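Scroll down for the structure; my scribbles are underneath it.
The values are calculated or read from the model by the stated rules, or taken from the named source; none is laboratory data. The shown structure was predicted, so the numbers you read here are calculated from the model rather than taken from an experiment. All Cβ positions, even for glycine, are placed from backbone atoms using ideal geometry, and neighbour counts span all protein chains on display. Ligands, DNA and RNA are excluded from the accessible area calculation, which covers all protein heavy atoms including side chains. Shrake-Rupley method; radii C 1.70, N 1.55, O 1.52, S 1.80 Å.
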Amino acid sequence: MILTALPLIASLAAAATQTPWTPADPSGAFADDSPEAVAVLGFNDQLQNRGFHQICDKIPFEAGYRDNNGLGQSRQQGENGFLVGGTNSASRQFYRYPSGQLALIDSLNIDLSMGYSRKLLHTTGPAPLTMFFSSEFQGQSLVIRPLQNDNSCQQLGKLVKVTSFKTAFPLSAKRISKMEVGELWKIPASFQIGIGPQAGFYPSSPALSGAFILSLTYSKQRGGMATLYRMSPDVLRFRVRIDRIQARTLDGQIIGSPLPAINAGKPDVEKAMARALSKPVADVGVVAAADALNTYLSAVFEASSADSTSDQVVLEYLLNPNDQAQMEGLQRALHGDLAAISPAALRKDLPLGGRDAGIRAFLDGLSDANGAAMGASASFAGADRQKSTLRYVHIRLPMFLNYDHTKSRSEDRFVTRDPAQGELDLRSASVGYSRGMIDFPGMDGNLKRVQVQRSVTGVSVVKAGGADGEPMVVYVRQEGYLRASRRKALKMTRETADVMRPVVVPPPVELPAGTEKKGFTGEATLTVVLGKKAIEELVAASPARILEAFAQSLAGHSRELMQEVISGQTVSNPSDVSAAQFLEARAEAVVRDFEKIKEAATAQARTSALVRLISGQASSRLSYDDAMKLILSLVDPTSVAADFLSTINGSGKGAASVARRYLLNAAVFQKPELRRYAELNRRFMQPLPLSD
């Protein structure tokens, strides 16, 4: 039914209101109290380290011993299989910080695994159904040291200098006090068990092998991590993370591999290498080369769905590395349960399912007892209970394409020691993809890469007594590229900035000076914060105004057609009738979605409804960008805060770079509620390779 009885509104504001953008320091976007820090750090880490910047970045240096019952061949017991294996290895590699600065990672790894499978259906068909059980223990020591020279090829001498290899063990007060500024030690450990049915079909020929696998897994993981980070000559940050995760995963894979052909050629290669090297060295080299070549030439399609619940506790202490008593207390703590990686710590459950008061009592007891041993109080103690859903698709075509698509939803409940701050509840959703083009055997990186990410988070505070705090919605849009053309770099950056056009003039976009037409690397991030006032304006918007805003968010002929629908006019072109009916149905769904926002009784319910609208989970099924443009056209420019970050690097030696950051209504970013959300989100973020 064509929408009638709704008057045509001339315009929402006649023209976008011009509100000045304030220049700001680009490094501030990575600060712990920046609401986009988690998104920017994770996005940048992928762009920096999954792309192929310098050939020397990807040179691995590894030595170790692996025993998987003959390189992965299971022992058969009738129709059942039993597998026990393990890996002990040491490795060294380069890695890059968000700024592009180079770091050296020394890693010591221990991995022990056991698996057992039992055939469920006694058939002679090609796709047997089995029940499997697996368990795995992983332990690591990681030492990360920043390097002064960012050119990895000029740092190869440090990579291969084995005498400078460093581990976190032994954990002694003397060694800890001698850590350099910027140095980070990480000691993670985890124990995981999984059980579930699996069906597979494994065709093979003399040259190629394949696999079709479908599995359903229930898993439980108990993990922990202790980290030491020398922040300054007088400050050492000691963090402890304790994780408990339960997950249900449905996974399907299709794999095509040239492994039979590679294995057929291995004996001849081993003989040739043995003439120049000893046989043990030749054997290890051939196995490593065969693994790398098989991975490089395999085609993979994988789709998975995972639902999980997790409990996490984070404790933080700021210590003086020059205080001998504190360092000796830290040494004792690291050898006790506080380390979160001892068998005693991994056995413990986290009582995070009860009331806030009980969680705070648990945090108080955990942090104070161990703080007394170190002579220091915890600078932070908090807990997070999370429920999440993840959908994932991966496609790999040999030599040419790596494609990943993810879609997720999550709910978080943050509780800290201070009852006056209340409980922080988050409702989040995200969608993104990455496309890597052209890679090289044995080197994890793509020559060209594109990344896209959208996320939205509803933030609500529940204070003591159940009162609502100030609600917020935080939207983040990200575009990244590696070796893109000048036109592509400019287009992706402008599209990010133009999301703000319905409410203000977009921030300026600038490319490095020069004449290069290709080879640009960079990223653009737009963060939009809708506070209490903006949400109230959305609730107050009338159906007529919402419809006109929806029409204005459309482009070209669709906008004209929607205006005809709103005004009650007969569609002038008969061929447009079906398109008009589609737009009418979409518009009615948009109005219904806004009605649900208005009907929400609490701040948490209201922000949750907004998250569903923006993420396309509501009945209107709008895309992230379209929903955000619609929302921005309904609020006053003074009710919105935004942060636009753009970094673009030219190509070639000595190429120019541009890093710009602009803030809209900058004072909003200093609000205590927003900073608290940002700091908690940052602390409970899954640590990146170069962070704690």
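One table, with the values for the structure above:
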item: Any chance Ser141 is small (Gly, Ala, Ser), modelled with pLDDT under 85, surrounded by 14 or more Cβ atoms within 10 Å (Cβ to Cβ) and under 18 Å from Gln93 (Cβ atoms); result: no
item: Filtered residues of the range 532-571 (kept if modelled with pLDDT under 90, over 15 Å from Val590 (Cα atoms) and of a type outside the set (A, V, I, L, M)); result: Gly556, His557, Ser558, Arg559, Glu560, Gln563, Glu564, Ser567, Gly568, Gln569, Thr570
item: Positions within the range 113-134 being modelled with pLDDT of 80 or more and either buried (at least 16 other Cβ atoms within 10 Å of the Cβ) or not in a strand (DSSP E or B) (or both), in sequence order; result: Ser113, Thr130, Phe132, Ser134
item: Check on Ala551, within 30 Å of Thr457 (Cβ to Cβ), over 32 Å from the mean Cα position of the chain (by Cα) and either open to solvent by less than 10 Å² (accessible area, probe 1.4 Å) or basic (Lys, Arg) (or both); result: yes
item: Residues of the range 478-495 classified as surrounded by fewer than 24 Cβ atoms within 10 Å (Cβ to Cβ) and touching a residue at least 60 places away in the same chain (Cβ under 8 Å), total; result: 1
item: Residue pairs meeting the criteria (Cβ under 7 Å; at least 6 apart or on separate chains; first under 21 Å from Met225 (Cα atoms), in the range 143-156; second modelled with pLDDT of 85 or more and basic (Lys, Arg)); result: Val143/Lys166
item: Count of residues meeting criterion [under 17 Å from Gln46 (Cα atoms) and at pLDDT below 90] in the range 376-401; result: 1
item: Among the candidates Asp418, Asp404, residue that is open to solvent by 10 Å² or more (accessible area, probe 1.4 Å) and out of contact with any strand residue (DSSP E or B) (no Cβ under 6 Å at 6 or more places or on another chain); result: Asp418
item: Residue in the range 610-633 that is nearest to Phe582 (Cα to Cα), counting only those that are touching a Lys or Arg at 6+ places or on another chain (Cβ under 7 Å) and open to solvent by less than 10 Å² (accessible area, probe 1.4 Å); result: Ser620
item: Pairs where the first residue, in the range 609-623, is at positive phi and the second is in a loop (DSSP other than H, G, I, E, B), C-beta under 7 Å, 6+ apart; result: Gly616/Leu622; Gly616/Ser623
item: Number of positions in the range 212-232 that are closer than 20 Å to Ser141 by Cβ, open to solvent by 40 Å² or more (accessible area, probe 1.4 Å) and charged (D, E, K, R); result: 1
item: Restricting the range 167-209 to residues that are open to solvent by less than 20 Å² (accessible area, probe 1.4 Å) and in contact with a Pro (Cβ under 8 Å, 6 or more places away or on another chain), the residue that is farthest from Tyr97 (Cα to Cα); result: Gly200
item: The range 594-609, residues that are over 21 Å from Asp425 (Cβ atoms) and surrounded by 20 or more Cβ atoms within 10 Å (Cβ to Cβ); result: Phe594
item: Test: Gln686 is farther than 24 Å from Leu538 by Cα and without any contact (Cβ under 8 Å) to a residue 24 or more places away in the chain; result: yes
item: The listed residue being assigned to a loop (DSSP other than H, G, I, E, B) and among the charged types (D, E, K, R), out of Arg661, Arg621, Arg606; result: Arg621
